[in-house]
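Q: Below is one structure. I have some questions about it.
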Amino acid sequence: MRVYVPLTLPGLAEAYKTGELGTGPFVAYAVTPALREWYLSDDIEELEYAALNRAALASLRLLAVHPDAPRRRVVVAVDVPDGTAQGDPDRGLDPAALGEVRVTGTVALAKAAAVHVDLDDAEADVSAAADALAAADHGDDDAQFVVDGAEDHELLWYATQEIPNLVGLAD
């Protein structure tokens, strides 16, 4: 099963240093039944893109609580064995938890398929979105507009061989 793990650049640097994305359980995003129902599509590429975007929002949430981290969203795509990632049935239709899964066990960074990261030209919008996130969560439409502005930036795809270069951005 492909899961999308939200991180920050310092989080990616730590994963690179330890060789592990997490020791479980940790939150990731995947194509879940609830995400399929919400997205109304059978196209697996569209569904995986939706899961990636959910992880990008979770990365933004990490940036909101780590103000010293460079203002770039980071998502690692990794394949885990079936049964390793489970959705919470009690939160299945909660809009805030669409696509959310808990990954159990240790996941080696070497198992990553790709890394997705914002370009540096997204930093101002991502920073503003991280600052506006709490207000958006409380129903502020102007703040939600700012948060949505970060989504206008596509995360770029990087091969796993490029992780050392990406880790250098965390400095």
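The values are calculated or read from the model by the stated rules, or taken from the named source; none is laboratory data. Since this is a predicted model, take the numbers as computed values, not measurements. All Cβ positions, even for glycine, are placed from backbone atoms using ideal geometry, and neighbour counts span all protein chains on display. All accessible areas refer to the heavy atoms of the entire protein, side chains included, with ligands and DNA or RNA removed. Shrake-Rupley method; radii C 1.70, N 1.55, O 1.52, S 1.80 Å.
Q: Looking only at residues that are in contact with a strand residue (DSSP E or B) (Cβ under 9 Å, 6 or more places away or on another chain) and buried (at least 19 other Cβ atoms within 10 Å of the Cβ) in the range 115-144, which one is farthest from Thr32 (Cα to Cα)? Give the steps one after another, and end with the answer.
A: Step one: of the range 115-144, the residues in contact with a strand residue (DSSP E or B) (Cβ under 9 Å, 6 or more places away or on another chain) are 115-119.
Checking which are buried (at least 19 other Cβ atoms within 10 Å of the Cβ) leaves us with 115-118.
Values: Val115: 21, His116: 20, Val117: 23, Asp118: 25 Å.
The extreme case among them is Asp118.
Q: Residue pairs, Cβ under 7 Å, 6 or more apart or interchain, first in the range 62-80 and closer than 17 Å to Val147 by Cα, second in a loop (DSSP other than H, G, I, E, B) and aliphatic (A, V, I, L, M). List them.
A: These pairs meet every condition: Leu63/Ala69; Arg73/Leu155.
Q: Just need a number here: residues in the range 4-29 that are surrounded by fewer than 23 Cβ atoms within 10 Å (Cβ to Cβ) and closer than 17 Å to Gln86 by Cα.
A: Adding up the residues that qualify gives 6.
Q: Taking into account only those residues within the range 11-25 that are part of a loop (DSSP other than H, G, I, E, B) and either closer than 23 Å to Pro67 by Cβ or among the small types (Gly, Ala, Ser) (or both), which is modelled with the lowest pLDDT? Please lay out each step first, then the result.
A: Initial filter on the range 11-25 (part of a loop (DSSP other than H, G, I, E, B)): 19, 23-25.
Then drop every residue that is not either closer than 23 Å to Pro67 by Cβ or among the small types (Gly, Ala, Ser) (or both), which leaves 19, 24.
On the way: Gly19: 93, Gly24: 73.
Looking at residues that are part of a loop (DSSP other than H, G, I, E, B) and either closer than 23 Å to Pro67 by Cβ or among the small types (Gly, Ala, Ser) (or both), I get Gly24.
Q: All but one of (1) under 15 Å from Val117 (Cα atoms); (2) in contact (Cβ under 8 Å) with a residue 12 or more places away in the chain; (3) open to solvent by 80 Å² or more (accessible area, probe 1.4 Å) hold for Tyr49; which doesn't?
A: (2)
Q: All but one of (1) open to solvent by 70 Å² or more (accessible area, probe 1.4 Å); (2) outside any helix (DSSP H, G or I); (3) of a type outside the set (Ser, Thr, Tyr); (4) touching a residue at least 12 places away in the same chain (Cβ under 8 Å) hold for Trp38; which doesn't?
A: (2)
Q: Okay, next question. Out of the residues in the range 146-171 that are open to solvent by 20 Å² or more (accessible area, probe 1.4 Å) and within 18 Å of Pro95 (Cβ to Cβ), which is nearest to the chain's Cα centre (by Cα)?
A: If we take residues in the range 146-171 being open to solvent by 20 Å² or more (accessible area, probe 1.4 Å) and within 18 Å of Pro95 (Cβ to Cβ), then Glu151 is nearest to the chain's Cα centre (by Cα).
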